[in-house]
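The values are calculated or read from the model by the stated rules, or taken from the named source; none is laboratory data. Note that the structure is predicted; figures quoted are calculated from it, not measured. We place every Cβ from the backbone using ideal geometry, glycine too, and count neighbours over all the protein chains shown.
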Amino acid sequence: MAYKLFVIVIRHMRRQLRRTILTGLTFAVAILIYTVLSAIPASMDRIAEGASKGLRLIVTAPNAYKLPARYCDPIRKMPHVLGCAAEIIWGATYRDPKDMILAYGTTADLFTVMADSDYHPPPDVLKSMFADRRSVSVGSVLMEEHGWKLGEPITLKNISGKITLTFIPRVEFPPSDYLSRAFFFDRRLLDEAVKNTYGADIADRANFISVRVDRAENMALVADGIDERFRNSDAETETTTESDTVANYVTAIGDLRTIVAGLCIVVLVTVLLIAANSMAMMVRDRIGEVAVMRALGFSRLDVAAVLLVEAMLIGLIGASVGAGLAIVFFGHGFTLGALTGSLGYIAVSWPVAIYAVAIATLVGIASALLPVINAARIPPALAFRKVV
């Protein structure tokens, strides 16, 4: 019996094929938007989770350029500290001045703050990096965006165009949620270029300092120790976990989660209203068929099941198309720019897509529920009268 009812559902969908396609496309477009929006907070959670695995602290100062790079010397001697690296941010451009790249200048100390969960280049690659100051480590997504290749030189400029530096990618970070758009270079190149161009010595300047801690339970202890060590100095520090620092990029522009959640609700309500109208029209056109089915002995439950399954299939197929397009076009990731400091990217994952399809299927059923109940309650004689 279930098979026969399913055959009837398929025939019903094919009978009004244009309406079925248009309703399905409504779900497809809405779920495409919903999936991409939902991927933003989900990806930010993955980025923060990936950052927390590194057991790193980020040391900053109220004025980033007043943070001395030499602070790393006493920090390395503190208990529970495994490594320290002072980094400087260079706002560079590639080809088009609008094509901004946040490059992070550091030294070989960068590898002392890398955790076991991070990507570790082979020893021969590290040897080649240290032999050439132009060597850089670049995330795979950034490499793909610009068509860069390992071993092929690339040229970046500062915004004014007065400083031009040439780099050679040696290390490519594999696809991940955290370092996929990273660009690490030897800061000595920038230090020398700034001194030669502007006459300023920035060798002891740092925008932030990365500190790796031995265990998670010692993170707060080390953070408090660093801030206490430089309290009342010319450049006091503020130390937070790396995951909190990443999260601050988002909260700096407002409550992104609330904005995204609001947009998702708007999308769902819009789809529900459009789908409810389409489903009501579909059920109204099925009144004659409902009358025939009831006259042939189909129960009200059978009639309701046929109509609800049809609504569910339309929502499921349309949502699957929309979620599939989201995976195809946004599954590889897209950036939110300064929100994540170009250290992370937003990607539509399969769990998010599957969740969106499930939501759309429920929306399809919910939108048809009231019209289907009303249609199933109509006596066969009255249904025939409505047709006539």
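Observations on the model:
- Filtered by the rule that a residue be part of a loop (DSSP other than H, G, I, E, B) and closer than 15 Å to Ile88 by Cα, segment 195-213 gives Ala200, Asp201, Ile202, Ala203, Asp204, Asn207.
- Residue within segment 160-173 that is in contact with a helix residue (DSSP H, G or I) (Cβ under 6 Å, 6 or more places away or on another chain), surrounded by fewer than 17 Cβ atoms within 10 Å (Cβ to Cβ) and among the hydroxyl-bearing types (Ser, Thr, Tyr) present: no
- Taking segment 117-148 as the range and being under 14 Å from Thr106 (Cβ atoms) and assigned to a strand (DSSP E or B) as the test, the residues that pass are Ser135, Val136, Ser137, Val138.
- Some residue of segment 66-79 being part of a strand (DSSP E or B) and not basic (Lys, Arg): yes
- Here His120 clears all of (1) on the phi < 0 side of the Ramachandran plot; (2) modelled with pLDDT under 90; (3) in contact with an Asp or Glu (Cβ under 9 Å, 6 or more places away or on another chain) except the condition numbered (3).
Residue by residue, here is whether (1) surrounded by fewer than 15 Cβ atoms within 10 Å (Cβ to Cβ); (2) within 16 Å of Gly318 (Cβ to Cβ); (3) in contact with a strand residue (DSSP E or B) (Cβ under 9 Å, 6 or more places away or on another chain); (4) modelled with pLDDT under 75 holds:
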{"position": "Met1", "(1), (2), (3), (4)": "yes, no, no, yes"}
{"position": "Arg11", "(1), (2), (3), (4)": "yes, no, no, yes"}
{"position": "Arg15", "(1), (2), (3), (4)": "yes, no, no, yes"}
{"position": "Leu22", "(1), (2), (3), (4)": "yes, yes, no, no"}
{"position": "Ile33", "(1), (2), (3), (4)": "no, yes, no, no"}
{"position": "Met44", "(1), (2), (3), (4)": "no, no, yes, yes"}
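- Whichever residue in segment 46-65 is in a loop (DSSP other than H, G, I, E, B) and under 30 Å from Lys157 (Cβ atoms) and, among such residues, is modelled with the lowest pLDDT: Asn63
- Helices (runs of 4 or more DSSP H) fully within segment 229-347 counting 1 or more residues that are modelled with pLDDT under 70 and in contact with a helix residue (DSSP H, G or I) (Cβ under 8 Å, 6 or more places away or on another chain): 242-251, 256-285, 287-295
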